């Protein structure tokens, strides 16, 4: 399930982080849903999962979750989130206890879209679609969640 | 979470969908983003004018890891983007870039400048290269002179550019 390698991620940003982009994501989600409906928003997230993250998806298709776990480590670290990744024999669990994306939107906008976490739920779903794995995203509270990768039966 | 580092790749997917709905759909979205950006810019620009704009884009230069030069004068602010990380990330992408990705920048900045009575001249130069020059003028005549020298002048909702066809 996990095949570690030393290669850098396909997208491996460094430097500073512009958290205000999360505010634009929040605005975008509400705009698309209001004007085109939630199915269109889901289709856009599906393209992110399928096309933007094609490299992570190719690793999942090959039976390797290591690239996605490396992606989680890299970007949750960069964003200063409180998180923990537990790698078991049959599953990988990412527990996010403080999502800084959610917190930042709350701080700058006062409220967060009811569909803000769809970016995680739907993109994860698209990443896993057609691969040997399922990725389930459980929202456990405002700005907290569990993301679980399991091999499909 | 789509990381903030990958927002521009998400943005690119949104643009590609909206482009299928027509220019009015893109313009409506840029206006929505412009309203979103007002929370970061409007009071600063209103209170400090061109100096406030310099402060904002200097903050962007640092946070977004931009290679850009800012030149503040009494009558204008000039921003010269030498390496735009936004277009750069969209081009370094396993998903296809939207051909008019660059247009969004004037699309959200222009309406804010209109609201405040400044005159934006946004020269994208070439949509395939992550470089551009943005000038903001107090005086409309100086802006009109600069427009005549632009290679690829961007418009925004309410203002037509010199090249909006391709």
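Every number here is computed from the coordinates shown, using simple stated rules; none is lab data. In this text the structure is predicted, and so the values were computed from the model without any measurement. Positions of Cβ are backbone-derived with ideal geometry, glycine not excepted, and every protein chain shown enters the neighbour counts.
Here are a few things to note about the model shown:
- GNM top mover of B:149, B:131, B:55 - chain B, alpha-carbon springs below 10 Å: B:149
- As a rough footprinting exposure proxy, the listed residues B:7, B:137 were ranked by other beta carbons within 10 Å of their own, and the order from fewest upward is B:7, B:137.
- The alpha-carbon atoms of the stretch A:21-151, seen along their principal axes, cover 41, 31, 22 angstrom, with the largest extent given first.
- Rg ratio for the stretch B:1-41: its Cα radius of gyration over 2.2 N^0.38 Å, N being its residue count, equals 1.27.
- Chain B: radius of gyration over Cα atoms, expressed as a fraction of 2.2 N^0.38 Å: 0.99
- Neighbour-count order for A:139, B:33, fewest beta carbons within 10 angstrom listed first: A:139, B:33
- Translational D in µm²/s for the stretch A:39-90 (Stokes-Einstein at 25 °C, 0.890 mPa s, Kirkwood Rh from C-alpha pairs): 195 µm²/s
- Separation of the residue A:114 and residue A:73 label points, Cα + 7 Å toward Cβ, nm: 3.9 nm
- Average beta-carbon neighbours from other chains, 10 Å sphere, peptide B:6-18: 6
- Counting neighbouring beta carbons within 10 Å and listing from fewest to most, the residues B:64, A:138, A:13 come out as A:138, A:13, B:64.
- Springs between Cα atoms under 10 Å define the GNM used for chain B, and in it the highest mean-square fluctuation of B:14, B:90, B:133 occurs at B:14.
- The mean count of C-beta atoms from other chains within 10 Å of the C-beta of residues in B:25-36, rounded to a whole number, is 3.
- Taking every residue in A:73-81 and counting other chain Cβ atoms within 10 Å of its Cβ, the average works out to 2.
- For the protein assembly as shown, the alpha-carbon coordinates run over 69, 39, 37 Å along the three principal axes, in decreasing order.
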